[in-house]
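Since the structure comes first, as structure tokens, the remarks are kept for the end.
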Amino acid sequence: MLRLIVGRLLFSVATLLLVGLILFLLTRLLADTPARIVLGIEASEAQIAVFNRDHGLDRPILTQYLDWLGRIVLQGDFGKSFITGLAMNAELARSMPITFELVVLAFVFALALALPLGILSAVLEGRSIDHVARVFAVAGVSIPGFWLGLMLIRFFAVEWGWFPPGGFSPLSSGLGPHLRSVSLPAFALGIYYVAILSRMTRSSLLEVLGTDYVRTARSLGLPRWRVLIYALKNALPPVVSIAAMSFGYMFGWALIVEHVFNIPGMSRALLTAIGQRDYFMVQTVVYVFTAIFIAANLIADVLNRALNPKLAGAG
Amino acid sequence: MNRGIRRLVVRLGGWSGAVGASIVLAIALAALLAPWIAPYDPVSLNLERKLQAPDAAHWFGTDQAGRDILSRAIWGARVSLMVGVLAVVIGLVGGVGLGLVAAYYSGGLVEQAIMRTVDAIASIPLLIWAIAVVGIIGVGPVLIGPFRFANEFKLLVLIGFLYMPGLARVTYTVAQIEAVADYVRARRVQGARDLAIMFGDVLPNCLSPLIVQGTLLVAIGIVVEASVSFVGLGVQPPTPSWGTMLADSRNYLFSGEWWLPVFPGLAISVTVVGFNLLGDALRDMLDPRRSTGRLIA
């Protein structure tokens, strides 16, 4: 088991290095050079050369990449933007916690709703609650979160005034306003995963409930709830693994939802940077997101193997 | 009820499958026939008739530039379906090839190399990279020879590329079982070439889960395109698209023009429901034992 985890971890780190290099090459080769953006199109070659030397942009790309990566790993320093001169660490410290909180809230909401819903529709298979859950699941995977967000703002905020129509009230402004400002976005972000995870729970549990050992346990006269608990132990591992993966995916959709609700998180940082052609900032934000995504996949993989005895022995 | 219709419904995996297939067919027809069925020109401005509520002349109302929203929604189906379908085609071409070769040469260096590459590509989060890559390259059209590729082509190539790992794994999972079957050994004894066995004999037996996943991935691609267009990095004006229509509607959230966000959003949702219902029905029909998990986003 330990060997497996170490192996996966090493592979994840290698992937992160490789993907970082691809990202670095993209921003260096496909985008305008920072010197041109800062100095304008009328700048002379000499001025550009000076700018490049000052910012270390005249070195080979691989050297620049290793230098950038080295600072992140060794000093926790993401560097400074060539365009705005802002320190990335400050930008990340400002916007990352907001996005992180939004995703965590949406994730907790998704799990808290999906598990009971999935279990209920498996236990009551074919009854009306199962049908309602199915309709809900199809709608949940099909209605784009950002449109749902627009509709929620239109009706729950503008029309009825139950929630603020957007923006973000930090915790320092009080718990009530804070929670009200994040509930609609968390709902819009989480609903897709409620649908996905509840269907996963249902099909996984139904499969287990159909096995011989559950039938044996029932025929021995075990109470229904105890049989259900045994069944859940075997039904939940795949759901846990998909949930961990979902956590990684949610950061991507959080960008769109934040944009809808005007929340000053990573979305604003990324889109502002794109607007200002601040590719260093773009690269930093995307790298952080990719690292989170890879970490979530790693956790999903390890959990899947650890919780599933059939896979635990396999490489 | 007409027995023919009933038989068709049963074949489509019950009512939900039939509904899904009908939606997909209707949207595809709307996209193909847009120039003939759209009641108005989707891009011509008419400021005298701007922000009209739905009425007999404009069923879905008009937008801030007086353009007919129904016509724009019909034309918007073109770009959405194109991105959704072509991305899956690219993903299938790449993914099936990689998965088949890895499964066929199972146990060797080729398998390791392919599947580790697939794992590495799978660690790239789709939506963030779509936004960032378009943001870095820019939203302008790409000129290749005499052809002019609008921004949405960058998007669909990227989505297709990032679909490859998922589809490669699906192919690999199913093909691995097939590759050791007796009929493959028999074909080899007959002297058939490896490529002929892979694509002629193994592939046809792996198609069911690929059709199912491909259908479901069209739905995801449509939502990704709409999302990226919504933040201004996808389809560029004046081309009508559902995502940019929703982006425009944001300016009118506080005034009374509810039809601006409602109809484009319904267009996306109904289309995506169609592909999801069809995909689920195809799965119940073609792959009842669920040989592969559902690809998510």
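All of the numbers you see were taken from the coordinates with simple rules; none came from a lab. Given the structure is predicted, the values throughout are model-derived calculations rather than measurements. Here Cβ is always computed from backbone atoms with ideal geometry, including for glycine, and neighbour counts include all displayed protein chains.
Could you state the orientation-averaged shadow area of the convex hull built on the Cα atoms of segment A:188-315, in nm² to one decimal?
10.3
How would A:Leu105, A:Leu21 line up from fewest to most surrounding beta-carbon atoms within 10 angstrom? Please list the in-between numbers first.
Numbers: A:Leu105 18, A:Leu21 15.
Starting with the residue having the fewest Cβ neighbours, the order is A:Leu21, A:Leu105.
Working from Cα positions, state the angle (0 to 90°, nearest 10) between the long axis of helix B:69-104 and the longest principal axis of chain B.
Once rounded, one gets 10 degrees.
Provide Rg and Dmax in Å for segment A:1-160, with only Cα atoms included in the calculation.
Computed over the Cα atoms of segment A:1-160, radius of gyration and Dmax are 24.6, 76 Å.
According to the square roots a ≥ b ≥ c of the eigenvalues of the Cα gyration tensor, what is the shape class of segment B:113-175, taking rounded for a/c under 1.5, prolate for a/b larger than b/c otherwise, and oblate for the remainder?
On the way: a/c = 3.11, a/b = 1.98, b/c = 1.57.
Because a/c hits 1.5 or more and a/b exceeds b/c, segment B:113-175 counts as prolate.
Any idea which of B:Ala196, B:Met82, B:Val212 is furthest toward the positive side of the dipole for segment B:73-276, if Lys and Arg beta-carbons carry +1 and Asp and Glu beta-carbons -1?
Working it through, the farthest residue towards the positive pole turns out to be B:Ala196.
For segment B:160-271, what ratio Rg/Rh do Cα atoms give with a Kirkwood hydrodynamic radius? Walk me through the numbers before you get to the answer.
Working: Rg = 22.2 Å, Rh = 17.4 Å.
With Rg and the Kirkwood Rh in hand, the quotient comes to 1.28.
Calculated from DSSP H runs of 4 or more alone, at -39500 (n - 2.57) each and per residue, what is the 222 nm mean residue ellipticity of chain A, nearest 500?
Values: 13 runs with 237 residues, N = 315.
Here the helix-only value at 222 nm equals -25500 deg cm²/dmol.
Send over the Kirkwood Rh of segment A:2-75, from the inverse of the averaged 1/r over different Cα pairs, rounded to one decimal Å. Numbers along the way, then the final one.
On the way: mean 1/r = 0.0692 Å⁻¹.
So the Kirkwood estimate lands at 14.5 Å.
What percent do you get for the relative contact order of segment A:95-275 when only Cα pairs under 8 Å and 6+ apart count?
35
Which Rg and Dmax, in Å, describe the Cα atoms of chain B?
According to the Cα coordinates of chain B, Rg and Dmax are 22.1, 76 Å.
Could you point to the residue in B:Trp15, A:Thr99, B:Thr271 farthest towards the positive end of the protein assembly as shown's charge dipole, with +1 and -1 charges on the Cβ of Lys/Arg and Asp/Glu respectively?
Going by the Cα projections, it comes out as B:Trp15.
List the aspartates and glutamates whose Cα lies under 16 Å from the Cα of B:Lys154, skipping any in the same chain that are fewer than 8 positions away.
Reachable aspartates and glutamates: B:Glu225.
With +1 assigned to the C-beta of every Lys and Arg and -1 to the C-beta of every Asp and Glu, and no other charges, what is the dipole magnitude of the protein assembly as shown about the Cα centre in debye, to the nearest 20? If you can, show how the numbers build up before the last one.
Working: 46 positive and 35 negative charges, 356 e Å.
The dipole magnitude comes to about 1700 debye.
Please compute the Kirkwood hydrodynamic radius over the protein assembly as shown, one decimal place, Å, based on all pairs of different Cα atoms. Don't skip to the end; give the middle numbers.
Values: mean 1/r = 0.0381 Å⁻¹.
Averaging 1/r across every pair of different Cα atoms and inverting gives 26.2 Å.
Only sites in a loop by DSSP and with at most 15 other Cβ atoms within 10 Å count here; which GluC sites (Glu not before Pro) in segment A:1-101 make the cut? Show your work: numbers first, answer last.
Details: sites: A:Glu42, A:Glu45, A:Glu91, A:Glu101; in loops: A:Glu42.
Answer by residue number: A:Glu42.
On each of the three principal axes of the Cα atoms of segment B:27-165, give max minus min coordinate, whole Å, ordered largest first.
Ordered largest first, segment B:27-165 gives principal extents of 69, 32, 31 Å.
Just how large is the dipole of chain B about the Cα centre, in debye to the nearest 20, putting +1 at every Lys and Arg Cβ and -1 at every Asp and Glu Cβ? All intermediate terms of the calculation are to be shown ahead of the outcome.
Details: 22 positive and 18 negative charges, 131 e Å.
The dipole magnitude comes to about 640 debye.
With charges set only on the Cβ (+1 for Lys and Arg, -1 for Asp and Glu), what does the dipole of segment A:181-309 come to about its Cα centre, in debye to the nearest 20? Could the numbers behind the result be given before it?
Values: 10 positive and 5 negative charges, 108 e Å.
For segment A:181-309, the charge dipole is close to 520 debye.
Find how many whole Å separate the alpha carbon centroid of segment A:55-113 from the alpha carbon centroid of segment B:24-53.
First find each Cα centre; the distance between them is then 44 Å.
Using only Cα atoms, find the angle between the long axis of helix A:224-261 and the longest principal axis of chain A, and express it within 0 to 90 degrees, rounded to the nearest 10.
30
Near A:Lys233, which aspartates and glutamates are there with a Cα under 13 Å away, not counting those fewer than 8 places off in the same chain?
Straight-distance partners of A:Lys233: A:Glu207.
Starting from the coordinates of the alpha-carbon atoms of segment A:126-182, obtain the Kirkwood hydrodynamic radius over all distinct pairs and give the value in Å to one decimal.
Details: mean 1/r = 0.0747 Å⁻¹.
The answer is 13.4 Å.
For the residues A:Lys80, B:Lys154, what sequence is obtained by ranking on other C-beta atoms within 10 Å, fewest first? It would help to have the intermediate numbers written out before the result.
Working: A:Lys80 17, B:Lys154 21.
The most exposed by this proxy come first: A:Lys80, B:Lys154.
I need B:Glu152, A:Glu159, B:Glu48 ordered by Cβ neighbour count within 10 Å, fewest first. Mind showing how you got there, number by number?
On the way: B:Glu152 24, A:Glu159 12, B:Glu48 7.
In order of increasing Cβ crowding within 10 Å: B:Glu48, A:Glu159, B:Glu152.
Each residue of segment A:154-164 in order: what ³J(HN,Hα) in whole Hz does its phi give by Karplus 6.51 cos²θ - 1.76 cosθ + 1.60, θ = phi - 60°, with x for Gly and Pro?
Coupling constants for segment A:154-164: 4, 9, 6, 9, 6, 6, 10, x, 6, 10, x Hz.
So what's the back-of-envelope 222 nm ellipticity for chain B, counting only DSSP H runs of four-plus at -39500 (n - 2.57) apiece and dividing by all residues, rounded to 500? Intermediate values should be presented prior to the final figure.
Numbers: 11 runs with 191 residues, N = 297.
Value at 222 nm, helices only, nearest 500: -21500 deg cm²/dmol.
Calculate how steeply helix A:61-70 sits against the longest principal axis of the alpha-carbon atoms of chain A, using the helix alpha-carbon long axis, and give the answer as 0 to 90 degrees to the nearest 10.
The angle comes out at about 60 degrees.
Using +1 at the C-beta of Lys and Arg and -1 at the C-beta of Asp and Glu, which of B:Pro54, A:Leu57, A:Ala295 has the Cα lying farthest in the positive direction of the dipole of the protein assembly as shown?
Ranked along the dipole, the leading option is A:Ala295.
Can you give me the Rg/Rh ratio for segment A:95-275, using Cα atoms for both radii and the Kirkwood formula for Rh? Could the numbers behind the result be given before it?
On the way: Rg = 19.2 Å, Rh = 17.8 Å.
That ratio is 1.08, to two decimals.
Under 25 °C and 0.890 mPa s, how fast does chain A diffuse according to Stokes-Einstein, given a Kirkwood radius computed over C-alpha pairs? Answer in µm²/s, whole number.
Values: Rh = 22.6 Å.
Result for D is 109 µm²/s.
Tell me, what ³J(HN,Hα) does each residue in segment A:142-150 have, in order and in whole Hz, if you take phi through Karplus 6.51 cos²θ - 1.76 cosθ + 1.60 with θ = phi - 60° and put x for Gly and Pro?
9, 7, x, x, 6, 6, 4, x, 4
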